[in-house]
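Note sheet for the following structure.
The values are calculated or read from the model by the stated rules, or taken from the named source; none is laboratory data. Everything quoted here is computed from the prediction, not taken from an experiment. With ideal geometry, Cβ positions are generated from the backbone for all residues, glycine too; neighbour counts draw on all protein chains shown. When the accessible area is computed, the model is the full protein with side chains, heavy atoms only, and any ligands, DNA or RNA have been set aside. Shrake-Rupley method; radii C 1.70, N 1.55, O 1.52, S 1.80 Å.
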Amino acid sequence: MKRILLYSVIIALVACNEKQMTHTETAKIVAESFYNNDTATLEKHTTTESYAILSSLQDLFAEDKNSEINFEVIEDTIDGDVAWVRYSTSFEEKPSVFKLVKEDGQWKVTEQKPREKVAF
């Protein structure tokens with residue numbers, strides 16, 4: 001009986017150990033995986049629609065994996081389950097914006113609809 005309880009506690013601790021990333025951490029991971037051509041990571045942190053768009057563009061913008069991306073958050077905001085992150089990288093002249101939504105408790109980059117206003 002004690003073994004069952006011990007195993008249950010260990011399984012619960014391991015299951016809860018997965019880190020909940022912030023919206024800005026997710027944005028950084030998506031930018032890095034996009035430029036480093038890491039499709040598995042990109043798919044994990046984007047919605048289905050965004051992954052389809054980003055993966056089709058990935059080959060045009062892929063950089064050397066040893067290149068420094070220099071991801072920097074300029075500003076960010078959260079409104080419920082939607083977040084916006086304005087960021088810059090060493091590969092872009094102008095800052096870009098990611099829209100993120102929460103899916104199953106995790107932040108994921110999603111597509112910005114045409115003419116959709118950015119929250120800042």
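Taking segment 1-57 and the helices (runs of 4 or more DSSP H) fully enclosed by it, the elements with 2 or more residues that are modelled with pLDDT of 90 or more are at 23-35, 39-44.
Using the structure shown, decide if GLY105 is at positive phi, out of contact with any helix residue (DSSP H, G or I) (no Cβ under 9 Å at 6 or more places or on another chain) and touching a residue at least 12 places away in the same chain (Cβ under 8 Å). Here the answer is yes, as GLY105 does meet what is asked.
Based on what the data block shows, is LYS108 in a strand (DSSP E or B), open to solvent by 70 Å² or more (accessible area, probe 1.4 Å) and closer than 19 Å to THR41 by Cα? No: the conditions fail for LYS108.
Total residues in segment 92-103 satisfying the condition of being open to solvent by 50 Å² or more (accessible area, probe 1.4 Å), among the charged types (D, E, K, R) and more than 14 Å from HIS23 (Cα to Cα): the figure is 2.
Considering only residues that are polar (S, T, N, Q) and part of a loop (DSSP other than H, G, I, E, B), look in segment 82-103 and name the one that is nearest to ARG115 (Cα to Cα). So, considering only residues that are polar (S, T, N, Q) and part of a loop (DSSP other than H, G, I, E, B), the one nearest to ARG115 (Cα to Cα) is THR89. For first residues located in segment 30-48 and of a type in the set (Gly, Ala, Ser), partners that are surrounded by fewer than 17 Cβ atoms within 10 Å (Cβ to Cβ) and assigned to a helix (DSSP H, G or I) and lie 6+ apart or on another chain with Cβ distances below 6 Å form the pairs SER33/THR41. Evaluate the following for ASP76: is it open to solvent by 60 Å² or more (accessible area, probe 1.4 Å) and not in a strand (DSSP E or B)? For ASP76, the condition - open to solvent by 60 Å² or more (accessible area, probe 1.4 Å) and not in a strand (DSSP E or B) - is not met. Looking only at residues in segment 59-72 that are in contact with a helix residue (DSSP H, G or I) (Cβ under 6 Å, 6 or more places away or on another chain) and open to solvent by less than 50 Å² (accessible area, probe 1.4 Å), the one that is modelled with the lowest pLDDT is ILE69.
Here the condition is being within 17 Å of GLY105 (Cβ to Cβ), among the hydroxyl-bearing types (Ser, Thr, Tyr) and either within 10 Å of the chain's Cα centre (by Cα) or open to solvent by less than 70 Å² (accessible area, probe 1.4 Å) (or both); of THR89, THR39, THR24, it holds for THR24 alone.
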